[in-house]
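See below for the structure under consideration.
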Amino acid sequence: MTSVLSEQQAPRDLASPLDDARTQLREAIDVLGYDESLYAMLAQPRREVTVSIPLRRDDGSVEVLTGHRVQHNLSRGPAKGGLRFSPDVDLDEVRALAMWMTWKCALLDVPYGGAKGGVRVDPRLYSEAELERITRRYTSELTPVIGPEIDIPAPDIGTDEQTMAWIMDTYSVSRGHTVLGVVTGKPMSLGGSLGRASATSRGVVHVALAAMESIGLQASSSTAAVQGFGKVGRGAARFLSEAGLRVVGVSDQYGGIVAPEGIDIPALEEHVDETGSVVGFCSPLDEGDSVLALDVDVLVPAAVEGVLNASTARLVKAKVIVEGANGPTTPDADRVLASQGCLVVPDILANAGGVVVSYFEWVQANQAYWWSSEEVDDRLRERMLSAWTNVRTHSESHGITLRAAATSLAVKKVAEAHQARGLYP
Ligand code: NAD
């Protein structure tokens, strides 16, 4: 129960995720030689909605929660992005996450803009029936601005396929007919796609193995650590271990565990299903240690943003960081990691597998024609590796980091769409 507390308590750089996202945009605009007006247009979200969510609790009392939906960019297609239930949600965080979604969709050539939603709530403190009421009220407030051709939510921290089913049902009832394409990450019984639940983690591991190969690391002789054991981290740990890596450290919000001989990930998954945490499965991390600082080859931060800041980055020993989470590394940390020779595979590439298979799910729902899991996995792998090759080639040919290369490739695509459409009126 020690290391993650120290991670949580590590001072974040003073900048917010939105400052970080804008710094990355500024660097990409400079690399591309675009003018200030484009920066000004892309630094601001296109549309944002904040709603009150009055909730009748199971004991009869009423409390009022706050929710947001931010659509950062709609130039390349409908907005797309997850919905987060977390006590840390604030509007600037949602704005940053929406901007990163725009770049991710452009980089992976998925015909969407970027969006994100959030409700400031700790889902662990509410019953299933209360979560259903929160989700349905949030959806009904947002009904005018979401839809298969407008903005398509998906799961993120604190939400899952059941949340998506409630959104889809609430939206469909208001429209008077079933609208499968309004969300992705749905249960299979409601038009979900095979392979969606594991897509983000699979994508993380496809690019992790490619990045390792690029610096001469063999899976069978490499070690890994994963921060966060939720939808992304748990699959990433499983697929890394299936690929032959020894996963020697894992953490969640309750604490961290280590096993130098390698953690049995399927057994850990059973433990987490029974107890709700990785804690207690094997030895805890030493007091004051962080999973981020373990002596491993590959580190996958798959929890929340801003965990690698200027001070925590100095403790990193990994040779490769593959960002399962959105925004885990601040710009100051990026500079520290680059000076340490650590290869950082940025979030908008590394964790894009989720939005790629969300896109496949939307395509399948719109065509009412379902693909096999092999088809989904093959197409995902192909898209991830082709994006990896583009980003790496651009990074090498311009002498810039993988993040600067990924962001500038993405910003260029969005800028071209803007320029082709022109300004109206
Ligand atoms: P989740 O709620 O399923 O899991 C989050 C995990 O992080 C939990 O295990 C939690 O205990 C842990 N955690 C929270 N704070 C922590 C801390 N300070 N230290 C260590 N662990 C901590 O969420 P998720 O869907 O797995 O999302 C994780 C990250 O991946 C987020 O940044 C999210 O935006 C990003 N992401 C998710 C998807 C997706 O498809 N779910 C896609 C792309 C990116």
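The values are calculated or read from the model by the stated rules, or taken from the named source; none is laboratory data. Model, not experiment: these values are computed from the prediction. Methodologically, a virtual Cβ is constructed for each residue, glycine included, from the backbone with ideal geometry; neighbour enumeration extends over all protein chains shown. Just the protein is used for accessible areas: all its heavy atoms, side chains included, with ligands, DNA and RNA removed. Shrake-Rupley method; radii C 1.70, N 1.55, O 1.52, S 1.80 Å.
Among the residues making up region 338-347, those that are more than 10 Å from the ligand (Cβ to nearest atom) and out of contact with any Ser or Thr (no Cβ under 7 Å at 6 or more places or on another chain) are 339, 340, 341, 342, 343, 345, 346.
Of the residues 63, 36, 48, which single one is open to solvent by 40 Å² or more (accessible area, probe 1.4 Å) and touching a Pro at 6+ places or on another chain (Cβ under 8 Å)?
Working: 36 fails: touching a Pro at 6+ places or on another chain (Cβ under 8 Å); 48 fails: touching a Pro at 6+ places or on another chain (Cβ under 8 Å).
Being open to solvent by 40 Å² or more (accessible area, probe 1.4 Å) and touching a Pro at 6+ places or on another chain (Cβ under 8 Å) holds for just one of 63, 36, 48, which is 63.
Looking at region 137-256, the strands (runs of 3 or more DSSP E) lying wholly inside it that each contain 1 or more residues that are open to solvent by less than 10 Å² (accessible area, probe 1.4 Å) and closer than 23 Å to residue 291 by Cβ sit at 223-227, 246-252. For region 263-275, taking the residues that are touching a helix residue (DSSP H, G or I) at 6+ places or on another chain (Cβ under 9 Å) and touching a residue at least 12 places away in the same chain (Cβ under 8 Å), the one that is nearest to the ligand (Cβ to nearest atom) is identified as 272. For region 180-195, does any single residue satisfy the condition of being within 19 Å of the chain's Cα centre (by Cα) and on the phi > 0 side of the Ramachandran plot? Yes, because at least one residue in region 180-195 is within 19 Å of the chain's Cα centre (by Cα) and on the phi > 0 side of the Ramachandran plot.
Can you find, within region 317-332, the residue that is farthest from the chain's Cα centre (by Cα) among those that are open to solvent by less than 20 Å² (accessible area, probe 1.4 Å) and more than 15 Å from the ligand (Cβ to nearest atom)? Across region 317-332, the extreme among qualifying residues is 318. On inspection, residue 58 passes the criterion of being part of a loop (DSSP other than H, G, I, E, B), open to solvent by 60 Å² or more (accessible area, probe 1.4 Å) and not hydroxyl-bearing (Ser, Thr, Tyr).
For first residues located in region 358-386 and open to solvent by 70 Å² or more (accessible area, probe 1.4 Å), partners that are charged (D, E, K, R) and lie 6+ apart or on another chain with Cβ distances below 8 Å form the pairs 381/202. Checked against the criterion of being modelled with pLDDT of 95 or more, in a loop (DSSP other than H, G, I, E, B) and closer than 20 Å to residue 209 by Cα, region 403-413 has no qualifying residue. When residue 313 is evaluated against the numbered criteria (1) of a type in the set (A, V, I, L, M); (2) within 10 Å of the ligand (Cβ to nearest atom); (3) surrounded by 24 or more Cβ atoms within 10 Å (Cβ to Cβ), which criterion, by number, is the only one it fails? Tallying (1) of a type in the set (A, V, I, L, M); (2) within 10 Å of the ligand (Cβ to nearest atom); (3) surrounded by 24 or more Cβ atoms within 10 Å (Cβ to Cβ), residue 313 fails exactly one: (2).
Please tell me if residue 228 is over 18 Å from the mean Cα position of the chain (by Cα), within 16 Å of the ligand (Cβ to nearest atom) and within 26 Å of residue 279 (Cβ to Cβ).
So residue 228 does not fit the description; no.
Among 273, 289, 264, which is acidic (Asp, Glu), more than 23 Å from residue 88 (Cα to Cα), surrounded by 17 or more Cβ atoms within 10 Å (Cβ to Cβ) and in the same structural domain as residue 211 (by TED's automatic domain parsing)?
On the way: 273 fails: surrounded by 17 or more Cβ atoms within 10 Å (Cβ to Cβ); 264 fails: surrounded by 17 or more Cβ atoms within 10 Å (Cβ to Cβ).
The conditions single out 289.
With respect to the stated conditions, residue 300 is open to solvent by less than 10 Å² (accessible area, probe 1.4 Å) and either in a helix (DSSP H, G or I) or among the β-branched types (Val, Ile, Thr) (or both).
Listed here are the residues, each with its yes/no results for (1) charged (D, E, K, R); (2) within 18 Å of residue 152 (Cβ to Cβ); (3) in a strand (DSSP E or B).
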| residue | (1), (2), (3) |
| --- | --- |
| 28 | no, no, no |
| 48 | yes, yes, yes |
| 52 | no, no, yes |
| 67 | no, yes, yes |
